[in-house]
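S.K.: Pasting in a structure now, in structure tokens, and then I'll have a few things to ask.
Derivation of every value follows stated rules applied to the coordinates shown; laboratory data play no part. In this text, all values refer to a predicted model and were calculated from it rather than measured experimentally. Cβ: placed from backbone, ideal geometry, glycine included. Neighbour counts: every protein chain shown.
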Amino acid sequence: MNIVSGEQIAKTFQVGKEQHPVLLDVSVAINQGEFISIMGPSGCGKSTLLYALSGMDSIDQGQVIFDGMDLTTLSDKELADLRRTKMGFVFQQPTFLKSLNILDNILLPAMRDGRKNVRALTERALQIMNKMGIADLAKRDITQVSGGQLQRAGICRALISNPQVIFGDEPTGALNSTSAQEIMDLLASINSEGTTVMLVTHDPKIAARTERILFMSDGAIVNELRLPRFTGADLDDRMVKVVSTMQKIGI
Amino acid sequence: MYWKIVRNDMANSKLITGMTMLFVAVAALLVTLSAVLIVHLTSAIDTLMKQAETSHFLQMHAGEIDQVRLTEFAEQNKYVDEYQMNEFLNVEGTKINIAGTTLAHSVQDNGFSTQSEKFDYLLDLDGHVIEVANGDIYVPVSYWKDGIADLGDTVIVQDQTFTIAGFLRDSQMNSMLASSKRFLVSEQDYAAIQEAGTVEYLIEFRLKNLADLKNFEEAYTSAGLEANGPTITYKLFQMLNAISDGLMIAVILLISVLVVAIAFMCIRFTLLTKIEEDTREIGVMKAIGLRVADIQKMYLAKYGVIAVIGCMLGFACSFFLRDILLENIRLFMGETDKVSLIWLFTGLGLLLVFIVIMGYVQSVLKQFRKLSATQALRFGTMQGKGQHAKLLNLSANKRLPINLFLGIKDVLSRKTLYATMLAVLVLATFIIIVPQNLHNTIAAKSFITYMGIGNSDIRIDIPQGKQNEQQVSAVMDRLEHDTAIKNYTVLTTKKFTTIAEDGTAQNLKIELGDHTIFPLEYAHGEAPVAPNEVALSVLNAEELQKKVGDSLAVVINGQKKNLRISGIYSDITNGGKTAKAAFSDHSTDSMWSVVYSTMADPSLVADKRAEYAKTFSFAKVSGIDDYIYQTFGTTIHAIEKAARAALVIALLLCVLVTLLFMNMLIAKDQAPIAIMKALGFTNVDIATQYAARSIFVLLLAISMGTLLANTLGEYLTSTVIASFGAASFDFMINPLAAYVFCPLALTSVVLLATLFGTSRAGQVKIIEHIKE
């Protein structure tokens, strides 16, 4: 069953007087529980597609259906409610409020509605943090931890409201390769519990960890690759498939 | 390149640049006005008293007078330059009819005089000594201001009709606080109306040297000369002339200090934000070897331009306002001849504003020096202390709604940033509450108890004279049997002699009676109760060098008795030199008596007052409300105007500052707003958070401002009031205004300004701030 789908999405950026089309009639459908990545060079429109599918950014034409709702018809308030309850986001750069500690930053989206069961929420947050290996950082300031730890905290925050889909915009982009693989392990384990995970990346090694890869170029999806579930030993094979597809389509 | 930075800076922040300029302009305007008013008031009083040749020493006297003895004393005393004796024909208000209405309601002692011979001249509105023709009359200028009299109106006294030929400035009795008013008529007319009232004498002296006044006063007293009435000296005349407008100037000065402070805050906030924004660029400049001192100079130049334009604007605007504020001073005191002094002080005031602003900018710019190039390049910010306030944790928060929590948390995390807004709102609360409390205090009926007058409903003054005693008993008899009267007391003033330690004798007027029924506010100690106790007015206590508990030797019934000083109180009546005691005495005649009474039903005061005025035609019957209104009316009115202006100005400032602050905050907070929106917070959530910040800061500010107003404000105000003769002083607070209306007004304007100022917050595009 589709959890997110886009029909003929088009979007143009205006820079000065010039029009720059970034998405050209893109159609895509993502099933519940999929582990999917979008690949492509800088400026191909992959992040824009991700933000269009999550309703974070508006589109000029087309339709986005999320969990049966047409996002283009929803109000700002309804979109905000949706982001808070059914979606989780992991960004490339740490996006935290400086005035809150790590634990409070993680709790933040859930506390909007869940003030009354703060104890249960805190317990849940600590459990997730434990799973992500950062339970001992709960009371730290966001300036007192490393980039990798911060990204784990970002994933914890994305998970706090038990979302249906986690969107990641280059979630490993600012990390070294060891940290990046650790983050991918975590995302894979989240996906194995039934949560749909959708990533944007330009790194073949990251894309190779997912099970479905959409290749984008110049605002359009130009190819698609499906891979079996990652076993832990087949990374090199997967990498070869991803890279050869990239070469085939010239990106 | 630096110029480019500054120019861009100005273009990008038109609003804040304009605001800063506006505040500088308002500060300059107020400072200029204060300078103009102070110089004008002091020099006009000076000029008036010089032109009129005000007496250095005035002894009012009723009763027998030995002119030969007085002239001899004046000729022989080495301090005296000139001496004269003027007559003052005291006429009851009911017998003076101006343009169809009598002065029956006036609490002033209205009387007629002829022009003085040697000094103490009555002047016309051009400052010339008036020469009055037969049939003409000159009326005190205050009656013109109050709309009671106009040029060409008829004044009827007994059967004599006069035409108002002009209005007079009386350097001695101009002020409404001086209880007598002189009308000027020709000598021939004066003789014709002599029967209309009783004659009092103004025994007046000019000294060769004003510094010898105290010695002269002692000589006059020890000579045992006429002293049946108040004694007033040059200093008190000066003070009486200065009070009302002096208070207004004090309030303007207070406001201008606050506006300068607000201008500072604008500058501090813009500069700090700017430095933060430009940190990376400045770091680059430093790294490639450019001199930061040059960048500093450019910013200094920018604020120099702002300060100069602001000062000039303020100066220009002051021309429109000064005439309105000078109206009263011009009318009562006349023009100033110190025009060059006004320009000098205005110039100095403007220079002061300019220097203070530039000095402040310089001190804020010192932050540039602390900035290290590597720091700027690596972090793009100056390394500050941890931003995280440990006190409040979301995980431990069960009570506060999330948006309220986040708002408060943000304020606590960025204290230095919000300190700006807090300080402005504290100041605003302060300038709203202090003038209001001051007005409330002075306008309150009980304020007169700080001024030496008991708080009652009706006051009956029975003048000195042979029939005084019969008149007093007639009044007492009537009051005793009048069921509408709740209680009353008679206070009779008699003259006694005190003996100082060195044996010198001095006159002391003591008001005898029960002082506990309509008590005064005592600065120290309490009212006299036992027969061996006496209370002194502040002026008398100073002159006799006595404290509470000291003893004072007084000759009573031919015997020297030691009285204990039970208390010291402020007094502005009868020249400020009074005393009160509770002993009974039949050895000397009364000088005058005052009967205070309260009514069971206060709503009937006006009727009762009229009834008594009719019955006791020999006495002056006044309601205390009238008394306050006519005595302090001008002052109360001036302070009320100032309080209203302060309220409006403060609220406007709050709106401006909140708008400004929220605007700058939103510009600064784009990233956190985008994060919140990305995480599913709605625009309403974000607006609520900003409102929570504002209200939290505002509530803090209101509490701090109210506390400050009631402590520091009361202290400042009582210092000002003390200089007018009231030694001790407590704010009379109208709780509805101070604790309900003022916070409510502030909250509404700040909330509205916040909502308006943060309406842009929702327009933040998430993508622009999240996407790398």
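S.K.: Once both labels are modelled 7 Å past Cα along the beta-carbon direction, what's the residue B:760-residue A:42 spacing in nm?
M.R.: Output for this residue pair reads 3.0 nm.
S.K.: Can you sort B:61, B:586 from fewest to most other Cβ atoms within 10 Å of each residue's own Cβ? Don't jump to the answer; show the numbers that get you there.
M.R.: Details: B:61 22, B:586 7.
Ascending Cβ contact count within 10 Å gives the list B:586, B:61.
S.K.: Test of understanding: ordering B:439, B:524 by Cβ neighbours within 10 Å, fewest first, what list do you get?
M.R.: Fewest-to-most ranking of B:439, B:524: B:524, B:439.
S.K.: Please average, across the residues of B:666-676, the number of beta carbons from any other chain that are within 10 Å of each residue's own beta carbon, and give a whole number.
M.R.: Details: counts 0, 0, 0, 0, 0, 4, 5, 0, 2, 8, 6.
Mean number of neighbouring Cβ atoms from other chains: 2.
S.K.: Now, a different point. Give me a single rounded figure for B:402-412: the average over its residues of other chain Cβ atoms within 10 Å of their Cβ.
M.R.: Numbers: counts 9, 1, 0, 3, 7, 0, 0, 4, 4, 1, 1.
Average per residue, whole number: 3.
S.K.: Would you mind getting me the FRET efficiency between residue B:194 and residue B:564? Use the beta-carbon distance for r and R0 = 56 Å, nearest 0.05. Can you show the working numbers first?
M.R.: Values: r = 47 Å, r/R0 = 0.83.
Here the calculated transfer efficiency is 0.75.
S.K.: Note the per residue figure in Å³ for the convex hull of the C-alpha positions in the protein assembly as shown. Kindly include the intermediate steps, with their values, before the conclusion.
M.R.: Details: hull volume 237.7 nm³, N = 1023.
Taking only Cα atoms, the protein assembly as shown has a hull volume of 232 Å³ per residue.
S.K.: Could you work out the local net charge near residue B:200, counting Lys and Arg as +1, Asp and Glu as -1, over the other residues with Cβ closer than 14 Å to its Cβ? Spell out each step's value before the answer.
M.R.: Values: positive: B:181, B:182, B:620; negative: B:64, B:87, B:92, B:109, B:204, B:226, B:461.
Taking every other residue near residue B:200 into account, the sum is -4.
S.K.: If you take every residue apart from residue B:515 with its C-beta less than 11 Å away from the C-beta of residue B:515, what net charge results, scoring Lys and Arg +1 and Asp and Glu -1? Please report the intermediate quantities before stating the final value.
M.R.: On the way: positive: B:580; negative: B:511, B:514, B:526, B:533.
The answer is -3.
S.K.: Which FRET efficiency, nearest 0.05, do residue A:224 and residue B:704 yield, Cβ-Cβ r, R0 51 Å? Don't jump to the answer; show the numbers that get you there.
M.R.: On the way: r = 64 Å, r/R0 = 1.26.
E between residue A:224 and residue B:704, to the nearest 0.05, is 0.20.
S.K.: Right, next: For chain A, rounded, prolate or oblate, judged on the Cα gyration tensor with a ≥ b ≥ c (square roots of eigenvalues), a/c < 1.5 rounded, else prolate if a/b > b/c?
M.R.: Working: a/c = 1.72, a/b = 1.26, b/c = 1.37.
It comes out oblate by the Cα gyration axes.
S.K.: Once you sort the root eigenvalues of the Cα gyration tensor of segment B:14-126 as a ≥ b ≥ c, which label holds: rounded (a/c under 1.5), prolate (a/b larger than b/c) or oblate (the other case)? All intermediate terms of the calculation are to be shown ahead of the outcome.
M.R.: Working: a/c = 4.15, a/b = 1.88, b/c = 2.21.
The shape class here is oblate.
S.K.: Anything over 32 Å Cα to Cα? Flag those among B:366/B:668; A:11/B:302; B:145/B:509, in the order listed.
M.R.: A:11/B:302; B:145/B:509
S.K.: Are there GluC sites (Glu not before Pro) in segment A:165-251 that DSSP puts in a loop and that have at most 11 other Cβ atoms within 10 Å, and which ones?
M.R.: On the way: sites: A:182, A:193, A:211, A:224; in loops: A:193, A:211.
Passing both the DSSP loop test and the Cβ count: A:193.
S.K.: Still on this structure, please answer the following. How far apart, in nm, are the 7 Å Cα→Cβ label points at residue B:161 and residue B:732?
M.R.: So the two model labels end up 4.4 nm from each other.
S.K.: What is the gain in length, in nm to one decimal, between residue A:162 and residue A:15 on full extension, counting 0.36 nm per residue of separation less the C-alpha to C-alpha distance? It would help to have the intermediate numbers written out before the result.
M.R.: Values: separation 147, 0.36 × 147 = 52.92 nm, distance 3.82 nm.
Computed gain between residue A:162 and residue A:15 is 49.1 nm.
S.K.: If you don't mind, there's one more thing I want to ask. What does the charge count around residue A:9 come to, taking other residues whose C-beta lies under 11 Å from its C-beta (Lys +1, Arg +1, Asp -1, Glu -1)?
M.R.: On the way: positive: A:11; negative: A:7, A:25, A:57, A:60.
Around residue A:9, the surrounding residues sum to -3.
S.K.: Cα-based count: Lys pairs in segment A:131-251 below 30 Å, eight or more positions apart or different chains?
M.R.: Taking the Cα cut-off of 30 Å, the pair count is 4.
S.K.: With each pseudo-label sitting 7 Å past Cα toward Cβ, what's the residue A:73-residue B:10 distance in nm, one decimal?
M.R.: The two pseudo-label positions are separated by 5.5 nm.
S.K.: Take the alpha carbon atoms of segment B:414-469, find their center, do the same for segment A:162-205, and report the distance between the two centers in whole angstrom.
M.R.: 71
S.K.: Further question on the same structure: With an 8 Å Cα cut-off and a minimum separation of 6 or more residues, compute the relative contact order for chain A in percent. Provide the component values of the computation, followed by the final result.
M.R.: Numbers: 463 pairs, mean separation 65.9, N = 251.
Relative contact order of chain A: 26 percent.
S.K.: Please give the contour-minus-distance gain from residue B:126 to residue B:257: 0.36 nm per residue of separation, less the Cα-Cα distance, rounded to one decimal in nm. Walk me through the intermediate numbers first.
M.R.: Details: separation 131, 0.36 × 131 = 47.16 nm, distance 3.55 nm.
That works out to 43.6 nm of additional length.
S.K.: Please compute the average number of Cβ atoms from other chains found within 10 Å of each residue's Cβ in peptide A:78-86. Write down the numbers at each step before the final one.
M.R.: Details: counts 1, 3, 11, 2, 1, 7, 6, 1, 1.
Average per residue, whole number: 4.
S.K.: Filter B:235/B:486; A:17/B:286; B:486/B:561; B:546/B:641; B:50/B:546; A:17/B:14 down to the pairs with a C-alpha to C-alpha distance above 29 Å, please.
M.R.: Values: B:235/B:486 40 Å; A:17/B:286 36 Å; B:486/B:561 35 Å; B:546/B:641 39 Å; B:50/B:546 35 Å; A:17/B:14 26 Å.
B:235/B:486; A:17/B:286; B:486/B:561; B:546/B:641; B:50/B:546, as the Cα separations exceed 29 Å there.
S.K.: While we're on this one: Would you please give the FRET efficiency between residue B:340 and residue B:744, computed as 1/(1 + (r/R0)^6) with r the Cβ-Cβ distance and R0 = 60 Å, to the nearest 0.05?
M.R.: Numbers: r = 48 Å, r/R0 = 0.81.
According to the calculation, E is roughly 0.80.
S.K.: How much length would be gained if the chain were fully extended between residue B:324 and residue B:607, taking 0.36 nm per residue of separation minus their Cα-Cα distance, in nm to one decimal? Intermediate results must be reported in sequence, preceding the final value.
M.R.: Details: separation 283, 0.36 × 283 = 101.88 nm, distance 3.80 nm.
Length difference between fully extended and current span is 98.1 nm.
S.K.: Helix B:67-76 versus the longest principal axis of chain B: what angle, 0 to 90°, nearest 10, using Cα atoms?
M.R.: 60
S.K.: Are there trypsin sites (Lys or Arg not before Pro) in segment B:202-241 that DSSP marks as loop and that have at most 15 other Cβ atoms within 10 Å, and which are they?
M.R.: Listed in order of number, the matching sites are B:208.
S.K.: Could I ask something else about it? Taking a ≥ b ≥ c as the square roots of the Cα gyration tensor eigenvalues, with a/c under 1.5 meaning rounded and otherwise prolate when a/b beats b/c, else oblate, which class fits chain B? Write out the running numbers ahead of the final one.
M.R.: Numbers: a/c = 2.54, a/b = 2.10, b/c = 1.21.
Note, shape of chain B comes out prolate.
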